[in-house]
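Chemist: The structure's right below; bear with me while I get my questions together.
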Amino acid sequence: MVCDKPLPIWVGRCGPTVVRRESGDRSRQLLDMRSSEGEEDNMNITKSWQAVFGAFFSLCLLVGSPMVIAASRGIVRGRVVDPLGGSISNAGVTLLQNNKEVGKTKTGQDGGFEFSDLGAGRYSIHAEATGFESQNSPPAYVSDGGASDLDVILHIGPIRQEVVVSATGTEVPESQVGASVSVLDQNQLEKTNALDVLDALQTIPGMQVVETGQRGGTTSVFVRGGDADFNKVLIDGIPANDVGGTVEFANLATTGVSEVEILRGPNSVLYGSDGLGSVINITTRRGTTAVPELTYSVDGGNFGTLREDGTLAGAYRQFDYFSEFSRFDTQNSIPNDAFHNGTYAGNFGWTPKGKSDIRFTLRHTAVALGDPNALAFYGIPDGASQTEHDTYVGVTAQNQTTPRWHNLARFASTQLQFGYINPSPTGIPFDPFVGTAYDTGPNYLGNTVTICGANGFCTTGQAILDFAGVYPLTVNSSTTRRSFYAQSDYQFRPDLGVTAGFRYENENGFTNSQGIISPADRNNYSAFFEGRGSLGRRLYATAGGGLDKNAVFGFAATPRVSLAYYLRRPSTSGFFSDTKLRFNFATGIKEPSIAEQGSSLYELLSQLPQGSALIATYGISPIGPERSRSFDFGADQDVWHNRARLGVTLFHEDFYNLIEFVGAGVLPELGVPPDVANATAFGAYINSDSFRSLGAEAEIEADLGHGFRIRGNYTYVDAIVTRSFTGSAIQPAFNPAFPNVPIGAFSPLVGARPFDRAPHSGSLLLNYARKQFDVALTGYFVGCRDGSTFLTDGYFGNSMLLPNRDLQAGYQLIDLSGNYPVNRHVTAYLSVSNLLSQHYQAEIGYPSLPLAFRAGMKFTLGGESGWWK
């Protein structure tokens, strides 16, 4: 029997970031209305760090203190529900301790169950019911006299829907969310033997991943046509973005990753600045086994590839621990393109009482790589190289203050360090202006090459590889982002709850290019309020608003509304199961980068002797936030007795007030007084760019039986630049070989597509899994894209430019991976990327990796594989 009591369910994460809760979760506040009202807890946050740390450690003391006088024995209780929160009565519930059965019971009419008189330890629940797939809960620690809530969602059929947090800020089943959310779990990452997070992101609808060159090359992720710096990335709740939004996805290995959750669309209500186009939440694994588990894996392949990985994980009483270190090295297939990535991920938790949790997470990445530049454009590799060191640290404390009230506080620190060096110029010296006023020394040309685009245009010649200047050429930057975040959730009724949060963040950093330093020091504040509700187990709604106070642009407000409606509710009978309609409206903002702030019109004038007078006279204001506005509408249909799911989504994204560099001669066309424009010398960054993107996503997932599963998607994107005043847009370039075709040399023309966004893209994943082995075959399909060669010939002319439209050829890739467990301690695995060894360039000019394989072994001791031997 399925009762209609709509409830959001916890299965293991919290907050507007991906941090999973073990015991004492606020699921009781969402699911159980029987407990008494709780005490109020008000936290005042000031601008000083002393108050910030004081508030944080005050909550830690609250976490470690019992709220009431404890009983002598522990309790595990909870409810078993369907995907819409309806109670499942008479479900079989088994209590497990260290994967051993210690009790059995049946759920009541409200789906509830309870096990009492338990000793201290870690427990989990196995639930099953007729017409549903069985399910295990995550383990939770129960202290002496403590109580733990373990609620379980049972799915109808083998196609699962995960519990997500990115869309609402609280744990809600995906079935009750109106936004477009996808989840990549640890199982998929392991079955495909994905090295980096970017490998898995390519299987998500609406996402295009562009890797510049081979392994380790700069990698951009474009979501629904947005720019590469429109994605808010969090690692265990810690912001991973540099100031201004950029993230280097090439450095994000799957080391220690338990889950990746992707929200396609803006959400600055919950995440503040940088949540302009999407939110990507990465969760670190945690230890769960009473017996420590130690793994070591090693593999090698062509191009001098070697990877080693080791983990240690487990749980002892109130403590759980997880550590993983990996090292990956490859020479790639072209000169000066070696890549090294060493990554450590750690997750350490303490559960002092059943309703409290303190967690420390750490991730550190050390990267070194060669930078040969666009080999196909120059015929010779450049001699440059770069290094990166990124560290992410977070401490999170949370407390289930009452069954209805949950509180969380987090301190986070992000440290990003980047260094680039070109020791000496590479190429053929060439100085056509020797002896003239324009003589600045020789530039260095590449070899003579012929470049052809997918649009049929070709050109032959030599382009400047390294410009004249002082060598070694160095660029380095350092960014530190430290933040304090507090969130409070309250559930008035099972179908009505609210969440409020506050964030303080200090951003400090600089960019140093050949001795020219651009510093920044910002103190930013943000707050949000959001409500969630449901009606009759058919309609689920979320609405809220955020307010940001940024040190650069001041105040900005961001509203959001999301709806999910079931025309047909989930059913255990019939070919057609549930039919779900989705609607989402959201807005986003992004702060300027350090370079954009330093060279903005306001900042440039502020540095001039007469600048203050010009600012006051003409009312020049600081550079503003970049903005987005998004609508999407979708429908999901489960068929074949819930063995398959079909989904279609239509989206419309507006990106406006975008920041671009506008020349001094063009600024007056935007209303900037001529004397102000002339005072900038060359020009300035202003909010004058905009483009829109609309399209459709289609996806299918099916369990075909006999171990076969399939998942595929297709995305159509129609993105158009609607406004731009950069030099390339105002004054297009012309190649003398085709003088009637205007070219955007360094940025797209107005009315054209943004670079690198393919109108057509998709992926297909076919997996076959049996007890003896599993095999995964993954295909990626990308159509033609607009772009530019960005080249200048030896005379600073345009002869090496090609028309932008469909310049970059489409490509199709197939990857193969497999795992074979020799026994419970040893597993052999294989991974082949670009199985057909297609010669292609994901970014024109940069040859991508041909067929590359890795083969290795994984050894496991302890944990669920058995006792140490």
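Chemist: Under 6 Å by Cβ, and 6 or more places apart or on different chains, what pairs join a residue from the stretch 734-753 that is hydroxyl-bearing (Ser, Thr, Tyr) with one that is in a loop (DSSP other than H, G, I, E, B)?
Modeler: Filtered contacts from the stretch 734-753: Ser747/Thr726.
Chemist: Next question, about the same structure. Could we say that Leu601 is open to solvent by 10 Å² or more (accessible area, probe 1.4 Å) and without any contact (Cβ under 8 Å) to a residue 40 or more places away in the chain here?
Modeler: In short, no.
Chemist: Another question, if that's okay. With part of a strand (DSSP E or B), touching a residue at least 60 places away in the same chain (Cβ under 8 Å) and hydroxyl-bearing (Ser, Thr, Tyr) as the only criterion, which of Thr459, Thr450 stands out?
Modeler: When all the criteria are applied, what remains is Thr459.
Chemist: Hey, can you tell me all the residues within the stretch 167-187 that are in a helix (DSSP H, G or I), under 23 Å from Lys580 (Cα atoms) and under 18 Å from the mean Cα position of the chain (by Cα)?
Modeler: Within the stretch 167-187, just Glu174 meets the criteria.
Chemist: Additional query: Of everything in the stretch 313-327, what is open to solvent by 30 Å² or more (accessible area, probe 1.4 Å), assigned to a strand (DSSP E or B) and either modelled with pLDDT under 95 or of a type outside the set (Ser, Thr, Tyr) (or both)? Give them in sequence order.
Modeler: If the condition is that a residue be open to solvent by 30 Å² or more (accessible area, probe 1.4 Å), assigned to a strand (DSSP E or B) and either modelled with pLDDT under 95 or of a type outside the set (Ser, Thr, Tyr) (or both), then Tyr316, Phe319, Phe325, Arg327 are the ones that fit.
Chemist: In the list Ala737, Ala776, Ala758, Ala752, which residue meets the criterion of being open to solvent by less than 30 Å² (accessible area, probe 1.4 Å), part of a loop (DSSP other than H, G, I, E, B), more than 30 Å from Leu670 (Cβ to Cβ) and of a type outside the set (Ser, Thr, Tyr)?
Modeler: So the residue among Ala737, Ala776, Ala758, Ala752 that is open to solvent by less than 30 Å² (accessible area, probe 1.4 Å), part of a loop (DSSP other than H, G, I, E, B), more than 30 Å from Leu670 (Cβ to Cβ) and of a type outside the set (Ser, Thr, Tyr) is Ala758.
Chemist: Something else: Give me the pairs: first residue in the stretch 787-799 and of a type in the set (A, V, I, L, M, F, W, C), second residue in a loop (DSSP other than H, G, I, E, B) and open to solvent by 20 Å² or more (accessible area, probe 1.4 Å), beta-carbon distance under 8 Å, and six or more apart or on different chains, which are they?
Modeler: These pairs meet every condition: Phe790/Phe746.
Chemist: Kindly provide the set of residues from the stretch 365-409 that are open to solvent by 10 Å² or more (accessible area, probe 1.4 Å), among the charged types (D, E, K, R) and farther than 22 Å from Thr254 by Cβ, ordered by number.
Modeler: Within the stretch 365-409, Asp371, Arg404 meet the criteria.
Chemist: Confirm whether Ser571 is among the polar types (S, T, N, Q), open to solvent by 20 Å² or more (accessible area, probe 1.4 Å) and under 29 Å from Gly86 (Cα atoms).
Modeler: Yes: the conditions hold for Ser571.
Chemist: Yes or no: Asp548 outside any loop (DSSP other than H, G, I, E, B), over 30 Å from Ala684 (Cβ atoms) and open to solvent by less than 40 Å² (accessible area, probe 1.4 Å)?
Modeler: Against the criterion (outside any loop (DSSP other than H, G, I, E, B), over 30 Å from Ala684 (Cβ atoms) and open to solvent by less than 40 Å² (accessible area, probe 1.4 Å)), Asp548 does not qualify.
Chemist: State yes or no: is Ala729 touching a strand residue (DSSP E or B) at 6+ places or on another chain (Cβ under 7 Å) and not basic (Lys, Arg)?
Modeler: Answer is no for this residue.
Chemist: Sticking with this one: Could you list all residues from the stretch 464-494 that are of a type in the set (D, E, K, R) and either crowded, with 20+ Cβ neighbours inside 10 Å or in contact with a helix residue (DSSP H, G or I) (Cβ under 9 Å, 6 or more places away or on another chain) (or both)?
Modeler: Scanning the stretch 464-494 gives Asp466, Arg481, Arg482, Asp489.
Chemist: Condition first: charged (D, E, K, R) and part of a strand (DSSP E or B). Now tell me which residues in the stretch 146-166 satisfy that.
Modeler: The one that is charged (D, E, K, R) and part of a strand (DSSP E or B): Asp149.
Chemist: Which one is least open to solvent (accessible area, probe 1.4 Å) among residues in the stretch 410-427 that are in a strand (DSSP E or B) and among the β-branched types (Val, Ile, Thr)?
Modeler: Per the stated criteria, the residue is Thr414.
Chemist: Looking at the stretch 129-145, which of the residues that are closer than 19 Å to Val93 by Cβ and assigned to a loop (DSSP other than H, G, I, E, B) is modelled with the lowest pLDDT?
Modeler: Checked the stretch 129-145; the qualifying residue modelled with the lowest pLDDT is Gly131.
Chemist: So, of the residues in the stretch 512-535 that are small (Gly, Ala, Ser) and closer than 20 Å to Asn476 by Cα, which turns out to be surrounded by the fewest Cβ atoms within 10 Å (Cβ to Cβ)?
Modeler: Gly515
Matching residues to (1) in contact with a strand residue (DSSP E or B) (Cβ under 6 Å, 6 or more places away or on another chain); (2) over 30 Å from Arg582 (Cβ atoms):
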{"position": "His641", "(1), (2)": "no, no"}
{"position": "Leu646", "(1), (2)": "yes, no"}
{"position": "Pro674", "(1), (2)": "no, yes"}
{"position": "Ala677", "(1), (2)": "no, yes"}
{"position": "Ser693", "(1), (2)": "yes, no"}
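Chemist: Follow-up question, since we're still on this one. From the list Ala586, Ala595, exactly one residue is touching a residue at least 60 places away in the same chain (Cβ under 8 Å) and open to solvent by less than 40 Å² (accessible area, probe 1.4 Å). Which is it?
Modeler: Residue meeting the stated conditions: Ala586.
Chemist: What's the number of the condition His641 fails, among (1) surrounded by fewer than 22 Cβ atoms within 10 Å (Cβ to Cβ); (2) in contact (Cβ under 8 Å) with a residue 60 or more places away in the chain; (3) assigned to a helix (DSSP H, G or I)?
Modeler: Here His641 clears every test but (3).
Chemist: Looking at this structure, is Gly810 touching a strand residue (DSSP E or B) at 6+ places or on another chain (Cβ under 7 Å), surrounded by 20 or more Cβ atoms within 10 Å (Cβ to Cβ) and within 30 Å of Pro754 (Cβ to Cβ)?
Modeler: No.
Chemist: Within the stretch 266-274, is there a residue that is of a type in the set (Val, Ile, Thr), under 22 Å from the mean Cα position of the chain (by Cα) and modelled with pLDDT under 95?
Modeler: Yes.
Chemist: So, one more: Restricting attention to the stretch 574-583, report how many residues are farther than 26 Å from Leu276 by Cα and either part of a helix (DSSP H, G or I) or open to solvent by 20 Å² or more (accessible area, probe 1.4 Å) (or both).
Modeler: 4
Chemist: Out of everything in the stretch 693-729 that is open to solvent by less than 60 Å² (accessible area, probe 1.4 Å) and not in a strand (DSSP E or B), what residue ends up being nearest to Ile156 (Cα to Cα)?
Modeler: Once the filter is applied, the top-ranked residue is Gly707.
Chemist: Can you tell me which residue within the stretch 474-491, out of those that are of a type in the set (A, V, I, L, M, F, W, C) and at pLDDT 95 or above, is nearest to Gly598 (Cα to Cα)?
Modeler: Phe484
Chemist: With the condition kept exactly as written, say whether any residue in the stretch 622-635 is open to solvent by 20 Å² or more (accessible area, probe 1.4 Å) and of a type in the set (Gly, Ala, Ser).
Modeler: Yes; the residues of the stretch 622-635 include at least one that is open to solvent by 20 Å² or more (accessible area, probe 1.4 Å) and of a type in the set (Gly, Ala, Ser).
Chemist: Is there a residue in the stretch 428-442 that is buried (at least 20 other Cβ atoms within 10 Å of the Cβ) and either among the hydroxyl-bearing types (Ser, Thr, Tyr) or in a strand (DSSP E or B) (or both)?
Modeler: Taking every residue of the stretch 428-442 in turn, none turns out to be buried (at least 20 other Cβ atoms within 10 Å of the Cβ) and either among the hydroxyl-bearing types (Ser, Thr, Tyr) or in a strand (DSSP E or B) (or both).
Chemist: Follow-up. Kindly evaluate Phe418 against the criterion of being of a type in the set (Phe, Trp, Tyr) and in contact with a helix residue (DSSP H, G or I) (Cβ under 8 Å, 6 or more places away or on another chain).
Modeler: Judged against the criteria, Phe418 is not a match.
Chemist: A further question follows. For the stretch 296-312, check the following and say yes or no: at least one residue is more than 25 Å from the chain's Cα centre (by Cα), modelled with pLDDT under 95, surrounded by fewer than 19 Cβ atoms within 10 Å (Cβ to Cβ) and not in a strand (DSSP E or B).
Modeler: No, the stretch 296-312 contains no residue that is more than 25 Å from the chain's Cα centre (by Cα), modelled with pLDDT under 95, surrounded by fewer than 19 Cβ atoms within 10 Å (Cβ to Cβ) and not in a strand (DSSP E or B).
Chemist: Then there is this: Scan the stretch 633-643 for residues that are at pLDDT below 95 and either of a type in the set (A, V, I, L, M) or over 15 Å from Pro570 (Cβ atoms) (or both) and jot them down.
Modeler: Across the stretch 633-643, the qualifying residue is only Val639.
The values are calculated or read from the model by the stated rules, or taken from the named source; none is laboratory data. These figures come from a predicted structure and were not determined experimentally. Here Cβ is always computed from backbone atoms with ideal geometry, including for glycine, and neighbour counts include all displayed protein chains. Side chains included, ligands, DNA and RNA excluded: accessible areas come from the protein's heavy atoms. Shrake-Rupley method; radii C 1.70, N 1.55, O 1.52, S 1.80 Å.
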